[in-house]
Amino acid sequence: MAYQPKPPDGWLKTNLRYYKHPGSWAWILHRITGLGLTAYIFVHIYALTTLTQGPKAFDDEMKLFSTPVFKVLEWLLFSLVLYHAFNGVRIVLVDWANGAKYHKKILTVVYGLGVVLFIGMGILMFREPIANMFASLK
Amino acid sequence: MYKHTGSRGSGAPGWVLQRITGLLLVIVVIGHYFVMHADPASGHTYAAVLERMHHPLWKMFDLTFITVGLWHGLNGTWGIFRDYKMKPAVSLTIYGVIILSGIAFWVLGVNTILSF
Ligand code: HEM
Ligand code: HEM
């Protein structure tokens, strides 16, 4: 009997099958980052409701979010934003602006810009500790 | 009812809007990040946030952000579920949860913005 590929059954298996194709990683990551950001928006909106409870409630909460661990997490969150945003722009360009012709170039520019912005944001966010580090070297 | 169960309807208007809101969000989210981290206080202290919140232009920015952001995120999430074959009852339940949670958190966030 001729080879019959088994049809994917179930949510998880359908997804795992896609992993076998290297080109679909861009798409998988777009989904994961999109879902991650959607989850973040919900937590974010809830966290900001302390604004209505006065200065003490909000500043107490922000003490936690200003600790080094959360600062790093906030920076890493930016990588989700950048990946999803620039990959999204790439999708639209390839599809609507005849970008398939320049596919490789767009990929390089768009992801390059993302890396530059990520590092730039890191410098912006951590400029004080970085400056202190260099000051202590003197 | 079948309109919402994922197997009928092209979904094209939502798909085009997904892209348009996405492009809008590039500027809004990346801008938001730079404003919130311009210095350690700008996104993390009551005083700095309130200074923005009393300005109508920032309110408009936040109202646009929460509306467009929630719509894009939840329409995108629904688009993911639409990829899978589901029983109509399951599909309708998921659709309901997405719509209701979207409305609830939109009201919660808008309430925060309009409190000032
Ligand atoms: C920052 C700028 C953004 C851009 C340019 C963008 C762009 C896009 C595009 C073009 C799609 C459709 C992908 C396709 O056609 O296959 C999409 C899907 C999606 N986006 Fe965004 N988006 C952005 C921000 C966000 C944010 C802030 C969230 C979360 C709140 C989000 C959540 C999602 C989700 C959940 C999907 C569905 C993913 C899928 O179908 O695989 N996006 N985005
Ligand atoms: C870690 C980085 C972030 C910080 C410190 C931050 C901080 C804040 C603050 C302080 C506000 C209050 C309004 C204002 O001051 O203008 C706000 C509002 C908002 N932010 Fe962020 N944000 C961050 C990342 C994000 C991301 C990644 C998204 C999108 C996925 C987002 C979506 C929103 C929305 C929709 C509002 C309006 C919320 C509401 O009406 O309750 N933020 N943010």
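If you count, for each residue, the other Cβ atoms within 10 Å and average over each peptide, how do A:100-111, B:58-69 line up from highest to lowest?
On the way: A:100-111: 13.0, B:58-69: 16.9.
Sorting A:100-111, B:58-69 by mean packing, highest first, produces B:58-69, A:100-111.
Report Rg/Rh for the range B:72-111, rounded to two decimals, where Rg is the Cα radius of gyration and Rh the Kirkwood radius.
1.06
Take every Cα pair under 8 Å in chain B that's 6+ residues apart, average their separations, divide by the length, and report that relative contact order as a whole percent. Show your work: numbers first, answer last.
Details: 62 pairs, mean separation 45.0, N = 116.
Here the relative contact order equals 39 percent.
Per 0.36 nm of contour for each residue apart, how much would the distance between A:LYS56 and A:LEU76 grow if the chain were fully extended, relative to their Cα-Cα spacing?
Details: separation 20, 0.36 × 20 = 7.20 nm, distance 2.76 nm.
Once the chain is fully extended between A:LYS56 and A:LEU76, it gains 4.4 nm.
Which is farthest toward the positive dipole end of the protein assembly as shown among A:ALA131, A:HIS84, B:TRP15, measuring Cα position about the Cα centre, with Cβ charges +1 (Lys, Arg) and -1 (Asp, Glu)?
The residue sitting farthest along the positive end of the dipole is B:TRP15.
Counting residues in the range B:13-114 as N, plug N into 2.2 N^0.38 Å and put the Cα Rg over that result.
Ratio of Rg to 2.2 N^0.38 Å for the range B:13-114: 1.29.
Report, as an integer, the average count of C-beta atoms from other chains found within 10 Å of each Cβ along B:58-69.
Details: counts 0, 0, 0, 0, 1, 0, 0, 1, 4, 0, 0, 6.
Per residue, the number of nearby Cβ atoms from other chains is 1 on average.
Using R₀ = 45 Å, calculate the FRET efficiency as 1/(1 + (r/R₀)^6) where r is the Cβ-Cβ separation of A:VAL116 and B:THR93; round to 0.05. Don't jump to the answer; show the numbers that get you there.
Details: r = 44 Å, r/R0 = 0.97.
With a Förster radius of 45 Å, E is 0.55.
Could you please report the charge total around B:GLY79, scoring K, R as +1 and D, E as -1 over all other residues with beta-carbon less than 13 angstrom from its beta-carbon? Show your work: numbers first, answer last.
Details: positive: A:ARG31, B:ARG19, B:ARG82; negative: B:ASP83.
So the environment of B:GLY79 carries a net charge of +2.
Using the Kyte-Doolittle scale, which helices in chain B average at least -1.0 and also have C-alpha atoms spread 27 Å or more along the helix axis, with helices defined as whole DSSP H runs? Walk me through the numbers before you get to the answer.
Working: long enough: B:12-36 (35 Å, 1.57); B:56-82 (38 Å, 0.45); B:88-114 (38 Å, 1.83).
Span-like helices, by this rule, are B:12-36, B:56-82, B:88-114.
Report the FRET efficiency, 1/(1 + (r/R0)^6), for A:TRP25 and B:HIS55, where r is their Cβ-Cβ distance and R0 is 41 Å, rounded to 0.05.
Values: r = 42 Å, r/R0 = 1.03.
With a Förster radius of 41 Å, E is 0.45.
FYI, it's all coordinate maths here, none of it is from the lab. Computed from a predicted structure; not experimentally measured. Cβ atoms come from the backbone with ideal geometry, glycine included; neighbour counts cover every protein chain shown.
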